[in-house]
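Novice: Structure incoming, see below.
Throughout, read-outs are computed from the coordinates displayed, never taken from laboratory work. Nothing here was measured: the structure is a model prediction, and the numbers come from that model. Ideal geometry is used to build each Cβ from the backbone, glycine not excepted, and the neighbour counts take in all protein chains shown.
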Number of protein chains: 2
Amino acid sequence: SSTQSAGNPADTFKILIVTDTHIGYQERDPIRGDDSFSTWEEVLHIAKSQQVDFILHGGDLFHDNKPSRRTLYRTMEAIRKYCFGDQQVAIQVVSDQAQNFPNFKTVNYQDPNFNISIPIFVIHGNHDDPSGDGQYSALDLLSVCNFVNYFGKSSSIDDITVYPILMTKGMSKLALYGIGNIRDERLFRTFQQKKVKLKRPVENREEWFSMMVLHQNRVAHSPKNYIHEAFFESFLNFILWGHEHECNIQPQMASQANFYISQPGSTVATSLSEFESKPKHVGILEIQAEKFRLTPIPLNTVRPYLIEDIVLASVQISNPTDNEEITQALTEKVEEMIEKARIQQKELGRPDLKPLIRLKVDYTGYSTISVPRFGQQFVGKVANPKDILLFHRRKNTKSGVRPGVENPEAE
Amino acid sequence: SSTQSAGNPADTFKILIVTDTHIGYQERDPIRGDDSFSTWEEVLHIAKSQQVDFILHGGDLFHDNKPSRRTLYRTMEAIRKYCFGDQQVAIQVVSDQAQNFPNFKTVNYQDPNFNISIPIFVIHGNHDDPSGDGQYSALDLLSVCNFVNYFGKSSSIDDITVYPILMTKGMSKLALYGIGNIRDERLFRTFQQKKVKLKRPVENREEWFSMMVLHQNRVAHSPKNYIHEAFFESFLNFILWGHEHECNIQPQMASQANFYISQPGSTVATSLSEFESKPKHVGILEIQAEKFRLTPIPLNTVRPYLIEDIVLASVQISNPTDNEEITQALTEKVEEMIEKARIQQKELGRPDLKPLIRLKVDYTGYSTISVPRFGQQFVGKVANPKDILLFHRRKNTKSGVRPGVENPEAE
Ligand SMILES: [Mn+2]
Ligand SMILES: [Mn+2]
Ligand SMILES: [Mn+2]
Ligand SMILES: [Mn+2]
């Protein structure tokens, strides 16, 4: 594999990669309620304007296992607006579609009753996983009306055989393997027992670019609740990793194998942790034969989110129990952050959205103040007035805190 | 108006009328769980084999305000199977579609990205009415993916202007007025205050066959919680009345006006009341110019439902407090009813479905027995072993009981 791609568009898959859109997140919040929807629309708009061959989504498309009617409506409304039309789909699916798409036994754009211009391929995450009577996922609702191609739903979790979607575009060949989210401990064990089998094309298997999409912990929160890179067979070329919300979209070579991993991260911050504060992106992945190129695309609709630290001991406060002095110092800092966010947005030509502000306060030796009361002065100025501050005592700086592990359940 | 229709198909609207399908009703019941789904499929199958121009649904398409994922999935799966395809739709909608269909501003079969062969027009009932954030109905989910044309959703309930869907087919003209369910007392008052305005076509208004579809009480449960025929303007030709579950599909002339009313009734029994026991039908409504003809179509998938009466005083029981004797008498009667249902199904060439059996027992002067315990012997023989018997004392035969008012909330 290589990270460079040559030129002929007729032989080059052009794929928009995106994950963890969490549509419907905080939909009732008066300030942030539209965030997940407007970014979903931006993602689809990028796909259309970039004329990609298809969209590949790494799971947690929805935030809630049972999305509200409004969330379902708005999600489908946007797909209908951007992904339908006369433009010809340039890829061919050559594998057994009944095996890849058990619901309707066809890839959506080949159903003659629908004019799909941009097919969406999606696996489920832990937020939109199958559950209840009949083990339907919310993604099945998008699938039954032919709005998406939902794949990677495994009937067993102890013995998994993955039949890739085999696609061709001109001379290029892509084998797309999907594994929808499975509880990490279970999938860890299934991998360890060599019970995850990736089927390979029968003929000319070396000619296929092999891509995996999955939705699992990549960071080890405990010894067996993540998926290790070493589990994957070396014939793979590329892994699209969903679930981890930190944007590490630039492909990284696996440490123990010859494939690359891209972790686009979420498109909306679902927690005020460090790793959600990195700029959000989707990617344009181009694949020609065995070569690929990934171009990150920054998302303009994402609300600015600044997270900073302050140590009260290093601020000029005369009385360590004087709430007014403490409030004053923190207020100044937050105002600086708001202004920084405003300038940032302006420089990037982005809308003047109220920012998410998180100030982590090391209060060792000082009093704390009421977090909600502190936030009242910022109502109308920040998007999260109720939880701007996070107080903590001085950390053991030797062990530190790994970024990305503060709020694993929220991913 | 007339109940006869002349011949030229090119000038004749052919409409499948159906209401109160209550899809998802008792979906978790091990015996009856599939009933609402299989009848929904039968209805669509009839529409397809009869080659109707469209389906008109009078509300309560879904049983639950928030249908389960499985119910939504199966409902859409069937629509995708029967209502999509290349067959040309022969009607023209000539009214302002943005006004009729605010969601996407087009009738579904004219969206060039979908191949609709049988359009469905549907209003909401009290079961699938708009609610929650944004006032979405479950029908909006069928609408956003272009599977149905949801109309008759009024933004106000105190002042209602109904803009008809104006359709032509050859020489015939149809003005279709829809009012989705509104709480009866409120709509009663709005009618009384002359605040329900039915807009009429500007030109040649007399040439339009005017049809209303609504979903309200027709039977007066109390003085103001129903809609009286006299509320409707005399220019109407036909009313499709949803919500009342009793099948009175044969058009009845209104007592005080010159229009006809058809009440198809539900397609699945949602209560074991008298009025649900009449054979279930949908109708084929043919309209040519000012004439119409309605052909009822019996539904073969509907589970047989027998309701009968027994008066213990007129049965040979030697000891009025002898549970065994009473049980014996009732058992014999129920077995007769089961056999009657079996023969009936056989004669009609219908599947041998376990029947719904309701035996109303006038026990005046006698003991009652445990209803669930009595039913245990009929497990595997009837569909409702737990509530076969309904005990009551002798009625005041002068006032009697009006059929159809036993369970108004269930409609
Ligand atoms: Mn996740
Ligand atoms: Mn996530
Ligand atoms: Mn009703
Ligand atoms: Mn009903």
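Novice: Calculate one ³J(HN,Hα) per residue across region B:147-160 by plugging θ = phi - 60° into the Karplus curve 6.51 cos²θ - 1.76 cosθ + 1.60, and present them in order as whole Hz with x for glycine and proline.
Specialist: Result, ordered by residue: 7, 9, 9, 8, 9, x, 8, 9, 7, 10, 10, 9, 8, 10 Hz.
Novice: Search the structure for amide H atoms under 5 Å from the amide H of residue A:124, placed 1.01 Å from N in the peptide plane, and list their residues when 5 or more places away or on another chain.
Specialist: The answer is A:180, A:181.
Novice: Is any residue of region B:87-104 close enough, with backbone N under 15 Å, to a label point placed 7 angstrom from the Cα of residue B:51 along the Cα-Cβ axis, and if so, which?
Specialist: The answer is B:87-91, whose backbone nitrogens lie closer than 15 Å to the label point.
Novice: Let me ask another. Please find, in a Gaussian network model of chain A (springs between Cα atoms separated by less than 10 Å), the residue of A:355, A:320, A:296 whose mean-square fluctuation is greatest.
Specialist: A:320
Novice: Find, to one decimal place in angstroms, the Kirkwood hydrodynamic radius of the protein assembly as shown, where the mean of 1/r is taken over every pair of different Cα atoms and then inverted. Mind showing how you got there, number by number?
Specialist: Details: mean 1/r = 0.0327 Å⁻¹.
Here the Kirkwood hydrodynamic radius works out to 30.5 Å.
Novice: Hey, what's the Kirkwood Rh for region A:322-392 if you take every pair of different alpha carbons, in angstrom? Show your work: numbers first, answer last.
Specialist: Numbers: mean 1/r = 0.0786 Å⁻¹.
12.7 Å is the Kirkwood radius here.
Novice: Considering all projection directions equally, how large on average is the shadow of the alpha-carbon convex hull of region A:121-233, in square nanometres?
Specialist: So the mean shadow area of the Cα hull is 8.3 nm².
Novice: Please average, across the residues of A:145-154, the number of beta carbons from any other chain that are within 10 Å of each residue's own beta carbon, and give a whole number. Working shown, then result.
Specialist: Numbers: counts 13, 5, 2, 0, 0, 0, 0, 0, 0, 0.
The per-residue average across the peptide is 2.
Novice: Exposure proxy check: B:173, B:194, A:340 ranked by fewest other beta carbons within 10 Å?
Specialist: B:194, A:340, B:173
Novice: Then there's this: Starting at the first residue of region A:175-192, write each ³J(HN,Hα) from the Karplus equation 6.51 cos²θ - 1.76 cosθ + 1.60 with θ = phi - 60°, in whole Hz, x for Gly and Pro.
Specialist: Per-residue couplings from phi come out as 10, 10, 9, x, 10, x, 4, 10, 3, 4, 4, 5, 5, 3, 5, 4, 5, 4 Hz.
Novice: Can I ask one more? Given only helices, namely DSSP H runs of n ≥ 4 each adding -39500 (n - 2.57), what is the per-residue ellipticity at 222 nm of the protein assembly as shown, to the nearest 500 deg cm²/dmol?
Specialist: Details: 14 runs with 158 residues, N = 822.
The per-residue figure over the protein assembly as shown is -6000 deg cm²/dmol.
Novice: Build a GNM of chain B with springs between Cα atoms under 10 Å: which of B:304, B:279, B:201 gets the top mean-square fluctuation?
Specialist: Answer for the Gaussian network model of chain B: B:201.
Novice: Starting from the amide H of residue A:21, placed 1.01 Å from N in the peptide plane, find each other amide H under 5 Å away whose residue is 5 or more places distant or on another chain.
Specialist: Here A:61, A:267 satisfy the definition.
Novice: In 5 Å bins starting at 0, how do the alpha-carbon pair distances of region A:159-214 split up by percent?
Specialist: Bin by bin from 0 Å, the calculated values are 5, 18, 26, 21, 14, 10, 5, 1, 0.
Novice: Excluding residues fewer than 8 places away in the same chain, name every one of the lysines whose C-alpha is closer than 18 Å to that of residue B:173.
Specialist: Cα-Cα hits under 18 Å: B:14, B:199, B:291.
Novice: Identify which of A:58, A:152, A:365 has the largest mean-square fluctuation in a Gaussian network model of chain A, with springs joining Cα atoms closer than 10 Å.
Specialist: Highest fluctuation of the listed residues: A:365.
Novice: Please list, ordered by chain and number, the residues whose modelled amide H lies under 5 Å from the amide H of residue A:116; skip anything fewer than 5 residues away on the same chain.
Specialist: A:85
Novice: Past the 22 Å Cα-Cα mark, which pairs from A:169/A:197; A:340/A:381; A:105/B:81; A:195/A:224; B:278/B:333?
Specialist: On the way: A:169/A:197 26 Å; A:340/A:381 13 Å; A:105/B:81 13 Å; A:195/A:224 16 Å; B:278/B:333 20 Å.
Beyond 22 Å: A:169/A:197.
Novice: For chain B, divide the Cα radius of gyration by the Kirkwood radius and give the resulting Rg/Rh value with two decimals.
Specialist: On the way: Rg = 22.8 Å, Rh = 22.6 Å.
Radius of gyration over Kirkwood radius for chain B works out to 1.01.
Novice: Any idea how far apart residue A:318 and residue A:163 come out in nm if each label point goes 7 Å out from Cα toward Cβ?
Specialist: Placing both labels 7 Å beyond Cα along the Cβ direction yields 7.8 nm.
Novice: Another question, then. Once the principal axes of the Cα atoms of region A:88-177 are found, what is the range along each, listed largest first in whole angstroms?
Specialist: Principal extents (largest minus smallest coordinate, Cα): 40, 29, 20 Å.
Novice: Further, regarding this structure: Quote the FRET efficiency, to the nearest 0.05, computed for residue B:340 versus residue B:193 with a Förster distance R0 of 41 Å and r equal to the Cβ-Cβ distance.
Specialist: Details: r = 51 Å, r/R0 = 1.23.
Result of the calculation: an efficiency of 0.20.
Novice: How many nm separate the modelled label positions at residue B:186 and residue B:377, each set 7 Å beyond the Cα in the direction of the Cβ?
Specialist: The modelled label-to-label distance comes out at 5.1 nm.
Novice: Something else about it: Sorted from largest down, give the three principal axis spans of the alpha carbons of region A:181-336, whole angstrom values.
Specialist: 75, 35, 23
Novice: Where a Cα-Cα gap under 20 Å defines reach, which lysines qualify for residue B:395, not counting those fewer than 8 residues away within the same chain?
Specialist: B:360
Novice: Now for a separate question. Return the sequence-ordered ³J(HN,Hα) values of region B:351-359 in whole Hz as given by the Karplus equation 6.51 cos²θ - 1.76 cosθ + 1.60 applied to θ = phi - 60°, using x for Gly and Pro.
Specialist: x, 7, 7, 4, x, 7, 10, 10, 10
Novice: Then there's this: Ratio of alpha-carbon Rg to the 2.2 N^0.38 Å globular estimate for region B:1-143, to two decimals, please. Present the calculation step by step, with values, prior to reporting the outcome.
Specialist: Numbers: Rg = 16.0 Å, N = 143, 2.2 N^0.38 = 14.5 Å.
Against the empirical 2.2 N^0.38 Å value, I get 1.10 for region B:1-143.
Novice: Out of every Cα pair in region B:278-403, what percent are spaced more than 17 Å from each other?
Specialist: Working: 5074 of 7875 pairs.
The calculated P(r) of region B:278-403 puts 64 percent of pairs beyond 17 Å.
Novice: A further question on this structure: Indicate, rounded to the nearest 5 percent, the antiparallel portion of the DSSP beta bridges found entirely in chain A.
Specialist: Values: 25 of 65 bridges.
Antiparallel: roughly 40 percent of the beta bridges in chain A.
Novice: For q values of 0.24 Å⁻¹, compute log₁₀ I(q)/I(0) with the Debye formula on a Cα-only model of region A:36-79, without solvent.
Specialist: -0.93
Novice: Which Cys in chain A stand alone, with every other cysteine's Cβ at 4.7 Å or more from theirs?
Specialist: Singleton cysteines: A:83, A:247.
Novice: Take the Cα gyration tensor of region A:223-272, multiply each eigenvalue by 5, square-root it, and list the three semi-axes largest first, rounded to whole angstrom. Kindly include the intermediate steps, with their values, before the conclusion.
Specialist: On the way: eigenvalues 97, 37, 11 Å².
With the √(5λ) rule applied to region A:223-272, the semi-axes are 22, 14, 8 Å.
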